Amino acid sequence: MAVAAVAAAASLVDVRGATVPMPTVTGPLGASAAGDPARDYPLNASVVDLKGRGYLEQEFFIEGTASRFTTPPQATGTVVDGGHPYKTRIIVRRPATAARFNGTVLVEWNNVTAGRDLDIDWFQTYDHLTRSGYAWVGVTPQWVGVGALKAWSPARYGTLNVTHGGTLANDELSYDVFSQAGQAVRNPGDVNVMGGLRVERVFATGHSQSAGRLGTYVNSVHPLGKVFDAVILHGGGGRVRADLDIPVWKLLAETDVQNQAANRQPDTKLFRTWEVAGSSHVDLRFRTYSTQFGPRDGSPTAPGFVSAASRGAPPSGSATGPSRGAAAGGVPSLGASPSSGTRGTTGAPGCDRPSYSHIPFYQVFNAAIDHLVRWAKDGTPPPSAPPLEIATVGPPAVIARDADGNALGGIRLSQHAVPTAVNTGVNTGPGFCRLNGSHEPFTADRLASLYPSHAAYVGAVKEVAARNLRAGYILKVDADATIAEAEQSNLGR
């Protein structure tokens, strides 16, 4: 494996994050073409044409010694002990030139609920990130992610370890490992993982289980090191303390609100929650992206890993729907076959409803990222948004719905407010069905009753897209794309 450079020994820096050690960085690592049977390339190498977007992808190893922390609820932790050796990988996707870089880096805590690293926030936002000049860094701080890497390519990843040689099996080091990864981005040493780009802001982000861990991190560990300028808790995370000094943003799908509704917090000067009606924890965009690299890389998992799905438990930090056989969040049945669980090409076999909401949650995520830059940079707060309406608080909460079964309240994108289907964040069935949400198209008669002409449909879409754009919930590029999709449809013709 080719190695371009190896950094000098770990050292401390004297700017933001001064108490966080600087890891030793090795890389960028050489790589064969993605799909090489020898597997000498990054697991989860991007399926996006990064070069065509003026971007590049590089993998680095970071290593050093990490500390364990106490993590009292909504309070600053303390160091338990230190000196635990670790070594893990990070993946950097960044503009190839300084002219393309906007100064902001998103550092994602990769999700391991499926037994391997998944860069879910990258899945959702890569179009916007690469269009707008952001950089993205994916971090593998947990033993499951490292174990899957080693199982997939022992030659490339065999030296990685985040358990102090197997003596720390509960991800005790993950918080400090994540801090040190952020430090390598913010205050690079001899090996500059950002290729010399001038970094102005570093945001932490993570989805589901990773959001849960980031919620703990921002409450208990961030105050000790203050590496990050803002945090996005996507699809999870517990209550956030009120005295933090950086913006924290919860972005929740309808699925997530089921277990978050009873624990909502009001918006403040440095806290926001946005809830997106009709969206699901695992949606069509997630599914579409992940199926592109799955056949290429296979499905490696860490030895000894037992999934939350097989245990019948929700991923840590996420939400779960009602048990199988219960009314799925109050959604009226449209006659879907419980045995097939499929409609078109988007179903997950065995789920009680056709899987994967088609509501483009990523459009809201894109807008939130741009708002977060202004919020962190000069204190300009983002707009607040109405919450989803709740019929029964629970948990799990039952979301209030219209006669068709679509959720009331929340951020209502055109695809939801001008519906052509029932899109929800609920489902039932085995495995992770409860996270997939559902998508059930309206009948032709129902569509005709709603939209007597193509012009009526397009006009309604334009009105809602314009309203969401004015409110700041979506960007113009996504509003334009939504309108173009409606104009190209055959509905009402």
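Points worth noting:
- Percentage relative contact order, the chain, counting C-alpha pairs under 8 Å, at least six apart: 13 percent
- Part-to-part distance (alpha-carbon centres) for the range 113-145 and the range 432-493, which is given in Å: 28 Å
- Global form of the range 344-412, assessed from the alpha-carbon gyration tensor, a/c cut-off 1.5: oblate
- With Cα atoms, 0 to 90° folded angle of helix 143-152 axis to the chain main axis: 80 degrees
- Of the peptides 256-263, 443-450, 153-160, the order by per-residue mean of other Cβ atoms within 10 Å, starting with the highest, comes out as 256-263, 153-160, 443-450.
- Ellipticity at 222 nm from helices only: DSSP H runs of n ≥ 4 in the chain, each -39500 (n - 2.57), divided by the residue count, give -8000 deg cm²/dmol.
- Value of Rg/Rh across the range 65-195 [Cα atoms, Kirkwood radius]: 0.99
- Taking a Cβ cut-off of under 13 Å around D81, the surrounding Lys, Arg, Asp and Glu residues balance to a net charge of -1, with basic ones at +1 and acidic ones at -1.
- Ranked for footprinting exposure by Cβ neighbours inside 10 Å, fewest first, I91, I246 give I246, I91.
- Stretching the chain fully between A155 and D402 yields a gain of 83.4 nm (0.36 nm per residue, less the alpha carbon separation).
- Space enclosed by the convex hull of the alpha-carbon atoms of the range 24-246, per residue, Å³: 115 Å³
- P(r), alpha carbons of the range 401-493 - 5 Å bins starting at zero, rounded %: 3, 13, 21, 20, 21, 14, 6, 3, 0
- The stretch between T78 and A484, if pulled fully straight at 0.36 nm per residue, gains 140.9 nm over its current Cα-Cα span.
- Whole-angstrom gap from the range 194-215 to the range 55-104, using each part's C-alpha centre: 8 Å
- Point-to-point label distance, T288-D243, nm (Cα→Cβ direction, 7 Å offset): 4.6 nm
- Peptides ranked, highest mean first, by Cβ atoms within 10 Å: ranges 164-170, 294-300, 420-426, 120-126: 420-426, 120-126, 294-300, 164-170
- Antiparallel DSSP beta bridges within the chain, as percent of all bridges there, nearest 5: 55 percent
- Tilt relative to the chain, helix 120-132 - C-alpha long axis, 0 to 90 degrees, to 10: 90 degrees
- The range 155-195: Rg to Rh, with Rh as the Kirkwood radius over Cα pairs: 1.07
- Relative to the dominant Cα principal axis of the chain, helix 476-488 is inclined by about 40°.
- The label-point distance for S384 and Q265, in a model that sets each label 7 Å from Cα toward Cβ, rounds to 1.5 nm.
- Under-5 Å amide H pairs with I390, H placed in peptide plane, nonlocal only: A400
- Report note on the peptides 212-219, 93-100: ranked by the mean count of other C-beta atoms within 10 Å, highest first, their order is 212-219, 93-100.
Only the coordinates and a few stated rules stand behind these numbers; no lab work does. All values reported here derive from a predicted model rather than from experimental measurement. Note: ideal-geometry Cβ built from the backbone for every residue, glycine included; neighbour counts use all protein chains shown.
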